[in-house]
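Notes to accompany the following structure.
The values are calculated or read from the model by the stated rules, or taken from the named source; none is laboratory data. All values derive from a computational prediction rather than experimental measurement. Every residue, glycine as well, gets a Cβ built from its backbone with ideal geometry; the counts of neighbours run over all protein chains shown. For the accessible areas, the whole protein counts, side chains as well, though only heavy atoms, and no ligand, DNA or RNA atoms are used. Shrake-Rupley method; radii C 1.70, N 1.55, O 1.52, S 1.80 Å.
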Amino acid sequence: MSAPRGKAAGPFRQPKAVWAVAFACVISFMGIGLVDPILPALADSLDATPSQVSLLFSSYLIVTAVAMLFVGWVSSRIGAKRTLVTGLAVIVVFAALAGATDSINGIVGFRAGWGLGNALFIATSLAVIVASASGGFSGAIILYETALGLGIAVGPLLGGELGGISWRGPFFGVAALMAVALVATLAFVPDLPRPERVTSPLAPLKALRHRGLLTMGIMALLYNWGFFTMLGYAPYPMELDAHELGLVFTAWGLLVAAFSVFFAPRLQARYGTAPVLYANLLGLGIVMAVIAAGVTDPTTVIVAVIVSGAFIGINNTLTTQAVMLVSPVERPVASSAYGFLRFIGGGLAPYVAGKLADATDLSVPFYLGAATFLLAIPVLAGGHRLLRRAETDTGEKEPVSPTLTPVGAPATTDAPPVVVAVGAHREAAAVVDAAARLARDTRSPLDVVHVRQTAVVEEQAADTETEAEAEAAVTAHLDRLGGLGVAATGHILTGVGDHAAAGRVLARHAAEVGARTVAVGRSPRGPLTQFADGSFTSALTHAATCTVVLVDPDAEPRPLTARSLTELRSETR
């Protein structure tokens, strides 16, 4: 995929609109971890049992789950910005009310309202960031992932510091910070066009009739049952104060962020989505069983919780990608259906865990959590064939990822083509024209492959451009090449999240058409990001059976090898 010449638009060279939403994302992602350090303090200050306190997770997550069914309909009627602003305003109001109340029932009720605002916000934040980005979407996605990781890691730390002053501190802190984000969003985020058609509020439920989406959703429900059992009950046996609990969950959050961004994509590229998830769910089951067996030893619980962050980071990334890989419906609808099942599991778990803990002892909820992690493995196995096919096949019976869709008429020549891969940015035409000179010199037709990527972050997925926009971009290339007398055909390569997988699909396509050469431009994403989610160019170079060259509008084509790829990455630092 190519990039603009000169200084590429990096993740931190974004308009104010992107920064405003990214700041709000940090605060939103703090929401869960922020309250963990104050759970014991809430129980002591309000004379509540752990099972009563756990309901603040249940009310928040169950309302979020139900609201996920309707946010697509709301957004399609009032627009993404208004949905985002409404969500932020609701969070500000209910977080402040939770801090002002004097009863545990009041906090539980106001957390339910907070959950409604959270659903409105998370369902639109990624799409707004992608739509507001400048110089390509890759930098904005990196910024979004950074905000996610920062929120997960800093939330418990801030919650511990504010909770050390008063249990009300984290609630008032969120209200104040979200108010700042609300003002910034109103000031800097422009009005975005509404979708051409309104999404039915029943669409997410109807989407669950598809076996693949339902299977992955149930697997996510079971996973989140175990996950939120740990979040809701692990602080009690640690026997730490709010500040110390904040430090423990900050260490946990750092592992979640690191393994989600840097390790999950590479494990997926090497072993496949399903095998990594099998091993990961087994690892989580073992960790939860260790917590259950060692529930009377605070050190055991602390270490096990921190270690679980690595498994949770991997699972959060790959579960969403698995859903999007097998889902035959639109991304927003699939996200809403998946979010509904995912948050239902997270919401029911603390309630059931509390009842079990009251009736038996504190180890039983953790053993049940371990069982749900293990039960998710055979559920996932039920959709293994669909998931494997989605990763490896390019057939057309069902939507799979990545897929190649032809655009325009095929070139009327049997000569081996030159294939050029480009993305959606301002220098794409210059890269295609440079590849056209190479095709003309070798008397070959040109095959323009436009890469249309779906960004996947946590439970959200957003298309970086519509099908119509991608087709229009390819058609514009073909029309221009026709005017230059270059025989050309076009394709759209649609992928989900994994750049390396898209590179391998392009290599397979090049082999199938007997390509003479595959041409690519410079990647704007930088070496660190390419390490994290896999390099399109590296995967293409290693999988291609023909020569891969780097084309630059101002320089001669340059063959790419493993060594030259390393040199190229050093140039982009």
On full extension of the chain, what length is gained from A176 through E469, given 0.36 nm per residue of separation minus the C-alpha to C-alpha distance? 101.5 nm
With x for Gly and Pro, the residue-by-residue ³J(HN,Hα) of region 87-104, computed from phi through the Karplus equation 6.51 cos²θ - 1.76 cosθ + 1.60 at θ = phi - 60° and given in whole Hz, is x, 5, 5, 5, 4, 4, 5, 7, 5, 5, 5, 4, x, 8, 6, 10, 9, 5
P(r), alpha carbons of region 18-141 - 10 Å bins starting at zero, rounded %: 13, 40, 29, 13, 4, 0
What Kirkwood hydrodynamic radius, in Å, does region 84-130 give when the mean of 1/r is taken over all pairs of distinct Cα atoms and then inverted? 10.9 Å
Residues whose placed amide H lies under 5 Å from that of H491, excluding near-sequence neighbours: V407, V448, V449, H450
Stretchable slack from V303 to R194, in nm (0.36 nm times residue separation minus alpha-carbon distance): 34.5 nm
Give me log10 I(q)/I(0) at q = 0.13, 0.20, 0.23 Å⁻¹ for region 136-248, Debye formula, one equal scatterer per alpha-carbon, no solvent. -0.91, -1.16, -1.20
Carbon plus sulfur fraction of accessible area for region 74-117, probe 1.4 Å, in percent: 65 percent
Rg (one decimal) and Dmax (whole number) from the Cα set of region 338-385, in Å, equal 12.9, 42
Which cross-chain or sequence-distant (5 or more) residues have an amide H under 5 Å from the amide H of A519, H modelled 1.01 Å from N in plane? V419, V420, A421, V549
Which whole-number percent is the relative contact order of region 250-320 (Cα, under 8 Å, 6+ apart)? 58 percent
Using alpha carbons only, what's the Rg to Rh ratio of region 195-344 with Rh from Kirkwood? 1.04
Span per principal axis, largest first, for the Cα atoms of region 271-376 (Å): 47, 31, 19
Whole-angstrom gap from region 137-198 to region 233-305, using each part's C-alpha centre: 24 Å
Pick out, from V92, P237, G169, the residue whose Cα sits farthest towards the positive end of the charge dipole of region 88-247, with +1 on the Cβ of Lys and Arg and -1 on the Cβ of Asp and Glu. V92
May I ask for the Rg/Rh ratio of region 79-183, computed from Cα atoms with Rh as the Kirkwood radius, given to two decimals? 1.02
